[in-house]
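Enquirer: My structure is below; once you've seen it, I'll send some questions.
The values are calculated or read from the model by the stated rules, or taken from the named source; none is laboratory data. No experiment lies behind these values; they were computed from the predicted model shown. Virtual Cβ from ideal backbone geometry, glycine too; neighbours counted across all protein chains shown. We work out accessible area using only protein heavy atoms, side chains counted, and drop any ligands, DNA or RNA first. Shrake-Rupley method; radii C 1.70, N 1.55, O 1.52, S 1.80 Å.
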Amino acid sequence: MCGIVGYFGFRRADQVIISALKRLEYRGYDSWGVAVKHGNGLEIIKMVGAIGDVENYSLAEGSIGIGHTRWATHGKPSEINAHPHKDCNNKIAVVHNGIISNFQSLREELERKGHKFSSETDTEVIPHLIEEEYRGDLIEAVMKAVEKLKGSFAIVVMHAEKEELVAVRYKSPLIIGVGDGEWFIASDVPAVLDYTNRVIYLEDGDILRIGNDGFKIWNNGKEVERRVETVPWSIEDAEKGGYEHFMLKEIHEIPRVVEDTLFEYLSEGIDLDVSFSAGISEIVFVACGTSYHASLIGKYLIEKLTGIPVRVEFASEFIYNPPPMGRTLVIAITQSGETADTLEAMRMAKKLGAKVVAIVNVLGSTATRIADNILYTRAGPEISVAATKSFIAQLVVLYLLALKLSKMPGSEIEKLVDELRIMPELVRKILEREEEIEQIAEEIAKYEDIMYIGRGIGVAIAMEGALKMKEISYIHAEAYPAGELKHGPFALLGRETPVIALLVSDETYEIMLNNIKEVKARESPVIALADEEDREVEKYVDFVIRLPKTNPLYTAITYSVALQLLAYYTAKKRGCEIDKPRNLAKSVTVE
Ligand code: F6R
């Protein structure tokens, strides 16, 4: 996700800002930029690609400036779209993290007043709004401008004629690094650790001004005090936000990712353009690995909610035997947008005349150039090789797509949308109880084989749970529809093979309980995932992972988060190198 830096002090701002931006590189970015105050003007550079050596750049001398690394969301990666963005008179510069959800209407209003825009970004409305409100007092203008913004944002603002920086935090993190006679603003602690380990974590709604007389913070119009804390971590620890591994950090980002992805497509109703579905008779998903499992869940949802027939193909197999493409819609799911097999399948589908939609996390990736239509997930950069938050973001897009394509009565759709809106809260509840999952992981870490079983929506969730377990803990893990066990896999069961059973409170519940009893009769230890109100299952199993009650359709989110944590803590107990499992790469660019 994007990174923000601001500097006010006595050093050369360009060097401080560029070196601080480099400390945020681990978050991923596709372009970057810096603005420095020089006299009564602003000098700005913007670049696409990596920063490289700090010494390569020299802006005008000046000791106030702002900088940004951009991970493209609105508009492709380009110099024009890179931050900082400016007003019409080149006096106000802004860097921004987050999403301005009402930017389109603000932009139209500002254009009517004569403002000229140069980028495709949502951010550019901010300097223009501030310009509209500016009467010589920057903080006042910023306060008035942010009242008009909807969404989530952290911004830093500078004015060419002002010896000050103004920043706002609203649902997107921002900290102050407190030095001796110098101050830093950043979206993330690692950016400032080369200079100071004394930081202030701003709170939602905080508005900050740094000037020659020090800094002040306001919230709700009143001046507030915030505590200075000493960061005990090294830079490397700080990149992981204090978590031991990126995987754990990324699992903890899931509530936020669900919020951001919902935000993108939900306003009054589901704001998702599905004109690509006009006249189609079937949908074919193509994907690999975790994205393939998301596709299986997509099939379940679309068939259940819309009645449109759906097939799911491994992208690597699709090219050998592509199905006939009459009125077929092909949906490719790929986090990276660079998986060679998925790209090949997309190209072939297009050649055969299908319309191709891509569900992608990385803006500007190859998949986005091949696809006719793109649905972005808003997971931000995922660093750990094992996909976690990106998988959940894919599911959120699939839920919205299935609901949008559904012909169910509006009131039923609204009810499901309302239940989807509370998913971030439910995931937070799971994360609050992760110690219980850690204890169960300690039990299963001693085994070399694990079987995952489920029925209905539980089958694909089980497959993804098993993939997560095998790839990071190196335990052999397999997933089966519970009804298939007696057709062969039963032979593998016994004391040495625990079974993880996904019990969903829908029409599959009773028969799953029977299957669990059959498994217990073969002496396998059983760990069940069930909803927290279930009082039946504990009679038959060794451990229960209790999950917040939700509509059974949404267990793909809650159960998957629990299974990701289970895999994580099992791998940790076994001492595995979690973020970079052996033999695996984050982006598989060969067929
Ligand atoms: C597993 C994992 C992989 C990817 C697969 C496809 O945790 O991350 O199985 O899901 O390599 O990658 P994308 O989604 O980038 O096409």
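Enquirer: Every residue in region 21-32 that is more than 11 Å from Y57 (Cβ to Cβ) and touching a strand residue (DSSP E or B) at 6+ places or on another chain (Cβ under 6 Å), please.
Expert: The answer is L24, R27, Y29, S31.
Enquirer: Tell me the residue from I319, I308, I280 that is more than 16 Å from the ligand (Cβ to nearest atom), in contact with an Asp or Glu (Cβ under 8 Å, 6 or more places away or on another chain), open to solvent by 30 Å² or more (accessible area, probe 1.4 Å) and over 28 Å from I100 (Cα atoms), please. Break it down stepwise before answering.
Expert: Working: I319 fails: more than 16 Å from the ligand (Cβ to nearest atom); I280 fails: in contact with an Asp or Glu (Cβ under 8 Å, 6 or more places away or on another chain).
Criteria check complete, one pass: I308.
Enquirer: Now, a different point. Please enumerate the residues belonging to region 332-352 that are assigned to a loop (DSSP other than H, G, I, E, B) and more than 12 Å from the ligand (Cβ to nearest atom). Step through it out loud before you land on a result.
Expert: To start, the set of residues in region 332-352 that are assigned to a loop (DSSP other than H, G, I, E, B) comprises 335-339, 352.
Selection gives L352 alone.
Enquirer: Sticking with this one: Of all residues in region 396-412 being part of a helix (DSSP H, G or I) and touching a Gly at 6+ places or on another chain (Cβ under 8 Å), which is nearest to L296 (Cα to Cα)?
Expert: In the first step, residues of region 396-412 are kept if they are part of a helix (DSSP H, G or I); the result is 396-405, 410-412.
Next cut, touching a Gly at 6+ places or on another chain (Cβ under 8 Å) only: 398, 401-402.
On the way: L398: 10, L401: 14, A402: 13 Å.
Restricting to residues being part of a helix (DSSP H, G or I) and touching a Gly at 6+ places or on another chain (Cβ under 8 Å), the top hit is L398.
Enquirer: Filter region 355-384 for residues that are aliphatic (A, V, I, L, M), modelled with pLDDT under 95 and assigned to a loop (DSSP other than H, G, I, E, B) and give the result.
Expert: Scanning region 355-384 gives V362, L363, A379, I383.
Enquirer: Can you confirm whether region 95-104 contains a residue that is assigned to a strand (DSSP E or B) and open to solvent by 50 Å² or more (accessible area, probe 1.4 Å)? So that I can check it myself, show each step before the final result.
Expert: Residues of region 95-104 assigned to a strand (DSSP E or B): 95-100.
When the remaining residues are screened for being open to solvent by 50 Å² or more (accessible area, probe 1.4 Å), the result is none.
Taking every residue of region 95-104 in turn, none turns out to be assigned to a strand (DSSP E or B) and open to solvent by 50 Å² or more (accessible area, probe 1.4 Å).
Enquirer: Which residue pairs have Cβ atoms under 9 Å apart, sit 6 or more places apart or on different chains, and have a first residue in region 220-231 that is part of a loop (DSSP other than H, G, I, E, B) and a second that is hydroxyl-bearing (S, T, Y)?
Expert: Close Cβ pairs (under 9 Å, with a partner that is hydroxyl-bearing (S, T, Y)) amount to R226/Y201; R227/Y201; V231/T196.
Enquirer: Looking for something buried (at least 23 other Cβ atoms within 10 Å of the Cβ), more than 11 Å from the chain's Cα centre (by Cα) and within 15 Å of the ligand (Cβ to nearest atom) - is there at least one such residue anywhere in region 374-382?
Expert: yes
Enquirer: Count, please, the residues in region 453-483 that happen to be of a type in the set (D, E, K, R), within 16 Å of the ligand (Cβ to nearest atom) and in contact (Cβ under 8 Å) with a residue 40 or more places away in the chain.
Expert: Matching residues across region 453-483 total 3.
Enquirer: Residues of region 419-460 being over 15 Å from Y554 (Cα atoms) and assigned to a loop (DSSP other than H, G, I, E, B), which ones?
Expert: Those that are over 15 Å from Y554 (Cα atoms) and assigned to a loop (DSSP other than H, G, I, E, B): R433, A445, K446, Y447, E448.
Enquirer: Here's something else I'd like to know. Checking the structure you have, find out if any residue of region 255-275 is within 16 Å of the ligand (Cβ to nearest atom) and surrounded by 20 or more Cβ atoms within 10 Å (Cβ to Cβ).
Expert: First, pick out the residues of region 255-275 that are within 16 Å of the ligand (Cβ to nearest atom): 257, 261.
Now restrict to residues that are surrounded by 20 or more Cβ atoms within 10 Å (Cβ to Cβ): 257, 261.
The answer is yes, given that some residue of region 255-275 is within 16 Å of the ligand (Cβ to nearest atom) and surrounded by 20 or more Cβ atoms within 10 Å (Cβ to Cβ).
Enquirer: Checking V362 against (1) within 16 Å of the ligand (Cβ to nearest atom); (2) surrounded by fewer than 22 Cβ atoms within 10 Å (Cβ to Cβ), only one condition comes out false. Which one?
Expert: (2)
Enquirer: Of the residues L301, L329, L296, only one is within 16 Å of the ligand (Cβ to nearest atom) and either open to solvent by less than 40 Å² (accessible area, probe 1.4 Å) or in a loop (DSSP other than H, G, I, E, B) (or both); which?
Expert: Details: L301 fails: within 16 Å of the ligand (Cβ to nearest atom); L329 fails: within 16 Å of the ligand (Cβ to nearest atom).
Going through L301, L329, L296 in turn, just one is within 16 Å of the ligand (Cβ to nearest atom) and either open to solvent by less than 40 Å² (accessible area, probe 1.4 Å) or in a loop (DSSP other than H, G, I, E, B) (or both): L296.
Residue-by-condition table, conditions (1) under 19 Å from S119 (Cα atoms); (2) open to solvent by 10 Å² or more (accessible area, probe 1.4 Å); (3) at pLDDT below 90:
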{"residue": "G9", "(1), (2), (3)": "no, yes, no"}
{"residue": "S31", "(1), (2), (3)": "yes, no, no"}
{"residue": "K37", "(1), (2), (3)": "no, yes, no"}
{"residue": "G41", "(1), (2), (3)": "no, yes, no"}
{"residue": "G49", "(1), (2), (3)": "yes, yes, yes"}
{"residue": "G75", "(1), (2), (3)": "yes, yes, yes"}
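Enquirer: Next question, about the same structure. Name the residues in region 461-505 that are within 15 Å of I527 (Cα to Cα), open to solvent by 10 Å² or more (accessible area, probe 1.4 Å) and either outside any strand (DSSP E or B) or at pLDDT below 95 (or both), would you?
Expert: L493, R495, E496 - these are the residues of region 461-505 that are within 15 Å of I527 (Cα to Cα), open to solvent by 10 Å² or more (accessible area, probe 1.4 Å) and either outside any strand (DSSP E or B) or at pLDDT below 95 (or both).
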